[in-house]
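Participant: Have a look at this one.
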Amino acid sequence: MNMLGSMFSMVKPRLDDLGTDRLNYYYSTLIIMGMSLTITARQYVGSPLQCWVPAQFTKAWEQYAEDYCFVYNTYWVKPNDKVPDTVEERVSQQLIYYQWAPFIMAFEAAFFYLPVICWSMLSTKSGINIIKLVETAQKAEGAESEDRKKQIDIICRHISNNLRKRKSEEETTKMAKIQKIFGMQHGKYLTNVYIVTKFIYMSNSFLQFYSTNKFLGQNDPYWGMRILDDILHGTDWEHSGNFPRIAMCDFQVRVLGNLQRHSIQCVLSLNMFNEKIFLFLYLWFLLVFFVTVFDTVFLIYNMFKTHKKIEFLQQFIENQDEKDQKFAKKFRREQQILLFSEFCLHKFTPDIIILLKMINNHTADIVCTEIVGRMWNEFLERDAEVVLERLVGNNHINDSRTSSLKSVLDQEKLI
């Protein structure tokens with residue numbers, strides 16, 4: 001109980017999340033811990049199991065029988081069936097899950113929170129302090145003009161410093177193929193760690209679904225749907241055997257040196273709660289898994305498709321005030337297209353895009369509009385001429401490249 005209580009206080013929404021992250025590490029963890037606390041209270045404060053015992057049993061004997069049956073499992077027999085004669089048959093029908101349910105749920109809650117701990121530890125190695133930058137962006141959102149400018153400057157400087165560091169490493173470091181794909185020097189470290197975390201979320205929800213089925217002794221992956229159908233159509237547990245409320249229990253006691261075996265019938269009131277809780281978890285794990293799969297595929301598509309990257313940044317440029325576009329007006333449309341392409345592809349690494357997405361996820365669009373707009377204007381003021389000289393021969397625009405870029409941008413309704 002103390003462990004769960006401390007976990008409740010530790011689990012909080014984070015600022016370095018996107019999409020379905022919070023569904024995994026926050027809501028799933030809290031929901032499962034709440035269910036675990038409910039079952040724990042029912043088991044150790046209430047009466048999870050009550051048995052019908054022979055009349056000669058004293059109160060102490062009755063308590064002993066109920067404690068024994070709770071600890072050493074019960075077995076289920078259909079109401080109209082004969083109790084199996086052999087011990088082996090009875091053991092094969094044992095219900096082995098109900099006393100372990102709160103502990104299993106506590107572990108499930110912990111495993112839902114584990115991926116975000118790994119993400120938190122690894123993301124700090126990227127050189128980008130996401131949480132501090134998002135906090136700074138939140139301050140900028142509610143600040144006055146001058147204060148907002150200072151906060152935006154802090155974020156822009158941090159991004160520029162990260163880009164300079166990356167360029168320095170690119171010039172001096174030779175990496176193996178695997179490091180070129182995942183290395184920080186290419187500006188993909190944070191992105192790859194985040195995508196791996198997404199895959200861990202997916203694997204976790206799938207494995208939780210599978211392991212819960214095994215824990216309940218269900219070999220049919222559709223058992224949750226069958227139970228839901230039974231509930232909706234009023235099919236009694238006595239016919240289905242799902243989370244039975246009445247079970248049998250065998251135990252032996254030594255009386256005057258002789259072993260006497262007793263078979264008694266017990267009421268498992270706890271299974272009324274277990275049925276609803278595990279049915280909910282069955283549906284919840286499926287929901288979390290499929291939503292996370294969709295979110296991960298959508299993220300990968302948006303991160304590694306050039307036109308989606310340009311489209312993401314362009315939305316903020318379009319939101320700029322007219323007075324903030326003074327540098328762009330110095331260039332012709334064809335030049336703007338070339339410059340904006342260079343700006344998007346070389347000034348914004350995947351890691352910076354992830355950072356902007358997280359900032360935009362926790363603040364209004366105006367913050368990212370000012371960040372991207374500030375960087376765009378600085379790029380036009382400082383680097384535009386150099387870039388155009390590199391891209392344009394003899395001060396004439398490369399018509400084929402410009403028309404190609406123009407068609408892509410026009411197709412996406414950009415610039």
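Participant: Hey, among Gln93, Gln50, which residue is touching a strand residue (DSSP E or B) at 6+ places or on another chain (Cβ under 7 Å), farther than 30 Å from Asn24 by Cα and either open to solvent by 90 Å² or more (accessible area, probe 1.4 Å) or of a type in the set (Gly, Ala, Ser) (or both)?
Facilitator: Details: Gln93 fails: either open to solvent by 90 Å² or more (accessible area, probe 1.4 Å) or of a type in the set (Gly, Ala, Ser) (or both).
None of the other options fit; the residue is Gln50.
Participant: While we're on this one: Checking the conditions here, which among Phe285, Phe278 is in contact with a Leu (Cβ under 9 Å, 6 or more places away or on another chain) and of a type outside the set (Gly, Ala, Ser)?
Facilitator: Testing whether each residue is in contact with a Leu (Cβ under 9 Å, 6 or more places away or on another chain) and of a type outside the set (Gly, Ala, Ser) leaves just Phe278.
Participant: Also: Which of the residues spanning region 100-132 are among the aromatic types (Phe, Trp, Tyr) and surrounded by fewer than 22 Cβ atoms within 10 Å (Cβ to Cβ)? Reasoning before the result, please.
Facilitator: Start the filter on region 100-132 by keeping residues that are among the aromatic types (Phe, Trp, Tyr), which leaves 100, 103, 107, 111-113, 119.
Trp100, Phe103, Phe107, Phe111, Tyr113, listed by residue number.
Participant: Please state which of the following conditions Glu66 fails to meet, knowing it meets all the rest: (1) over 30 Å from Val11 (Cβ atoms); (2) in contact (Cβ under 8 Å) with a residue 60 or more places away in the chain; (3) surrounded by fewer than 17 Cβ atoms within 10 Å (Cβ to Cβ).
Facilitator: With (1) over 30 Å from Val11 (Cβ atoms); (2) in contact (Cβ under 8 Å) with a residue 60 or more places away in the chain; (3) surrounded by fewer than 17 Cβ atoms within 10 Å (Cβ to Cβ) applied to Glu66, the lone miss is (3).
Participant: What are the residue pairs meeting all of these: first residue in region 268-295, first residue closer than 25 Å to Thr40 by Cα, second residue of a type in the set (Phe, Trp, Tyr) and part of a loop (DSSP other than H, G, I, E, B), Cβ atoms under 7 Å, and 6 or more apart or on different chains?
Facilitator: Leu268/Tyr98; Leu270/Tyr98; Asn271/Tyr98; Asn271/Phe243; Asn274/Tyr98; Asn274/Phe243; Glu275/Phe243
Participant: Here is a further query. Looking at region 100-113, I want the residues that are in a helix (DSSP H, G or I) and have a partner that is of a type in the set (Gly, Ala, Ser) with Cβ atoms under 7 Å, at least 6 apart or on another chain. Which pairs are those?
Facilitator: Cβ pairs passing all conditions: Pro102/Ser36; Met105/Ser36; Ala106/Ser36; Ala109/Ser36; Phe112/Ser28.
Participant: For Glu135, state whether it is charged (D, E, K, R), buried (at least 20 other Cβ atoms within 10 Å of the Cβ) and either in contact with a strand residue (DSSP E or B) (Cβ under 7 Å, 6 or more places away or on another chain) or within 25 Å of Tyr201 (Cβ to Cβ) (or both). Don't jump to the end; show me each part of the working.
Facilitator: Details: charged (D, E, K, R): yes; buried (at least 20 other Cβ atoms within 10 Å of the Cβ): no; either in contact with a strand residue (DSSP E or B) (Cβ under 7 Å, 6 or more places away or on another chain) or within 25 Å of Tyr201 (Cβ to Cβ) (or both): yes.
It is false that Glu135 is charged (D, E, K, R), buried (at least 20 other Cβ atoms within 10 Å of the Cβ) and either in contact with a strand residue (DSSP E or B) (Cβ under 7 Å, 6 or more places away or on another chain) or within 25 Å of Tyr201 (Cβ to Cβ) (or both).
Participant: Here's a follow-up. Taking region 253-296 as the search range and keeping residues that are of a type in the set (D, E, K, R) and not in a helix (DSSP H, G or I), which one is most open to solvent (accessible area, probe 1.4 Å)? Can you show your working first?
Facilitator: First, the residues of region 253-296 that are of a type in the set (D, E, K, R): 254, 261, 275-276, 295.
From what's left, not in a helix (DSSP H, G or I): 254, 261.
Working: Arg254: 166, Arg261: 118 Å².
My answer is Arg254.
The values are calculated or read from the model by the stated rules, or taken from the named source; none is laboratory data. Note that the structure is a prediction, hence the values are computed from the model and not measured. Every residue, glycine as well, gets a Cβ built from its backbone with ideal geometry; the counts of neighbours run over all protein chains shown. Quick note on the areas: whole protein, heavy atoms, side chains included, nothing else; ligands and nucleic acids left out. Shrake-Rupley method; radii C 1.70, N 1.55, O 1.52, S 1.80 Å.
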